[in-house]
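The values are calculated or read from the model by the stated rules, or taken from the named source; none is laboratory data. Values in this document were obtained by computation on a predicted structure and should not be read as measured data. Here the Cβ positions follow ideal geometry from the backbone for every residue, glycine too, while neighbour counts run over all protein chains shown. Note: areas computed on protein heavy atoms with side chains; ligands, DNA, RNA excluded. Shrake-Rupley method; radii C 1.70, N 1.55, O 1.52, S 1.80 Å.
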Amino acid sequence: MKKVIKPLLLLIILGVIAYFAFKIYLTPNERFKAINIIPGNSALIIEVDDPLNTWKKINKSTVWKNFTTNKLFNDVNKTISSADSIISNNNLLFKVFGSRYILLSLHERNNGEYKPVIVADLERYSKLASVKKYILSLESDNLNITKRKFKDFDIYEIFYKKNHSTLYLSFHENLAVLSYDQHLLEESLNCILEPVLGRNDQFLQIHNRIFGDGLMRLYINYSQLLKIFNSQGITISEEVKDFISSVYFSGLRMDAFDCQLNIDGYTNIKSDQISYLNVLSKAGTGGFTAQKIIPKSTIFLVRLGFDSFDNFLIHFEELLKKEGMHEEYLDNYNKIERKLDIDIQENFIDWIDDEITIFSIEPRHKNMQDEFFLIMKAKNRRSAIKNLEFINHQIEKKTPAKFTTIEYKGYDINYLQITGLIKLLFGKAFLKMDKPYFTIIEDFVVFSNHPQSLKDLISDYKEDETLKQWDTFQKFYKKNFDSKSNVFAFANVPFSVSSYTKTTTGKLKNDLNKNMSFFQKIPFVALDMKSKEELFQTKLVLFSDDSLYANELIDIKERKPVVEEYTQVDVDIENLNAIQSSIKNEYVNPFEIEDIVIIDLTAKKHFEYYSDSTLQIEVEVNNGIKTGKYTEYYQNGEVKLKGKFDNDKQVGTWKFYDADGKLIEKKKF
């Protein structure tokens, strides 16, 4: 929204109405509902009962102060503060408008901008016999005012010469309607004759639940959200698109605290559509114990909870039957069972407990995309291990696929080559897990598309770098959310934005980078949803703390190796023997190889190069694992180190050479 309503122009109009309100006594009348005036293409509606007192409370919070570091919020802040000051210092204006119901809705226009409609409920002060004539008399050097007819309504066009903006104003019974877009105002007036949202059962179901609660209410119209993303050049995942297309509206009460913005209410879903929310609404709730092993460096996560995975699948299949897709599902199910001679129910489904989590972390290695994971909680660790071992045995027996287990820091990393199994059971949101690697930590089976990702997760777990061990996250989670729900989503905002800027281009990328300091002040955003009486209780919490990013988060993001610094000093010749002895004691093992990350899992050889593009390392690989000959070179092209790997481990005799090609040392593994 590039234009913000100018307080001076708006307050002139408000002053006129206030003047006549106290000149003329008006008897109360039946009030026309403001929501009936809002066009159906509204993307977001904000509803406030007591605007000035609401603003005073929000303006004092740390959350809002941090928000105003962003230019858009700062412009809004200046405008509202100016209006607040003028109204608060004018007793007449305050009595009429200080505690009036205000409704603001945002609408996309043809040029991609979003413009508001503002509706003010003036109650008995609205039917002012002379107000319309008086508005016309306000014309001056700064204001040009005209009146025109639109159907049965009078529209006042108030042109503010100083900044060349026009405010369009009309009245209907107890309501004043304003907009800077004349067509938008006309759409609103049409809705008086034919209400859209006011007759939308799904919207009214949400609106009636929360009307009058909280500092203010927000209503999200999901049918407009995809248009917003498209018009603003925002790329969203298929999973987010599926979520948006599966719901109608959210109605959310907002309360501001010092470091938090709490937004809670209800969301209604499309009951006849295949979606995770639809299935979860009938499958019970689950916990979030996977935080024991999820890294602190997580960008984004979604946890789905249910009474049991069996119950989840039962309702999932019911929806497939309604959509006529159940036969295809069973056909693919049976094909996998016949091909591998396994029982999917017994060998896979039966050991899954009450929660699954998908999440990603920022890549820690060159050329790697975001590292993506799927975690399934197991009812029994031994049962999960036994059945997954059986499935792998059947894969080796029935297919050409071969993969040797990798051991890393005490945990086995395996490969589950069953094309389509996870997609079949969990849907297209899990396409990235088509042929995953997996490991088992505590009671959790963790899948990822790259063995290096699992190594990173294991390292974090061993070093207690998890959400469970992060005090700040634990306080945030326990304070705001129940232990069980259907959906819990969490985003580390600075990490998420940083990751997103790597995949986007143009103006959006520049805007994100410019506002990075703003995003750093909102480290956590979390959403929780729990099914209740055909609706989802919905809670969104924004946590704002500009010191957290500077202290804790930056430590997580920038895990750089420690570089020792050396200082050159003058040495007496008599001390030379002592220094040589010291150098011998600080022996560096030439056979110790830094971790090599194989990005291309289909490659048969992996190469790494010096900064001048000369070859540094070549190694034979299989499925992303070092298996075969390894050769490392000096920058002059001479061999430095050579040997062999077997399943990521050094084997046989390794040889180390100096820069002239002379053999210096051998070691047998």
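So what is the accessible area of the range 223-369 per residue, in Å², with the probe set to 1.4 Å?
Values: 6310 Å² over 147 residues.
With the other protein chains kept in place, the range 223-369 gives 43 Å² per residue.
At full extension, residue 658 and residue 57 could sit 209.2 nm farther apart than now, given 0.36 nm per residue minus the alpha carbon distance. A crude spin-label estimate for the pair residue 139 and residue 459, with each label 7 Å from Cα along the Cβ direction, gives 7.5 nm.
Between residue 408 and residue 255, take the C-beta separation as r, use R0 = 45 Å, and let me know the FRET efficiency to the nearest 0.05.
On the way: r = 46 Å, r/R0 = 1.03.
Rounded to the nearest 0.05, the efficiency is 0.45.
Gain in length, residue 510 to residue 343, computed as 0.36 nm per residue apart minus the alpha-carbon separation, to one decimal in nm?
54.9 nm
Ranking 181, 443, 341 by solvent-accessible area of protein heavy atoms (1.4 Å probe, all protein chains present), from largest to smallest, gives 341, 443, 181.
Would you mind checking 56/227; 455/644; 626/655; 339/423; 377/468 for any pair whose Cα atoms are more than 23 angstrom apart?
Values: 56/227 33 Å; 455/644 21 Å; 626/655 18 Å; 339/423 17 Å; 377/468 16 Å.
Beyond 23 Å: 56/227.
A protection proxy built from the mean count of other Cβ atoms within 10 Å ranks the segments 218-225, 465-472, 298-305, most packed first, as 298-305, 218-225, 465-472. Residues 115, 282 ordered from highest to lowest accessible area at a 1.4 Å probe: 282, 115. Given their separation in residues at 0.36 nm each and the Cα-Cα distance between them, residue 151 and residue 614 gain 158.9 nm when the chain is fully extended.
Pairs exceeding a 25 Å alpha-carbon distance, out of 478/521; 33/57; 409/640: 33/57; 409/640.
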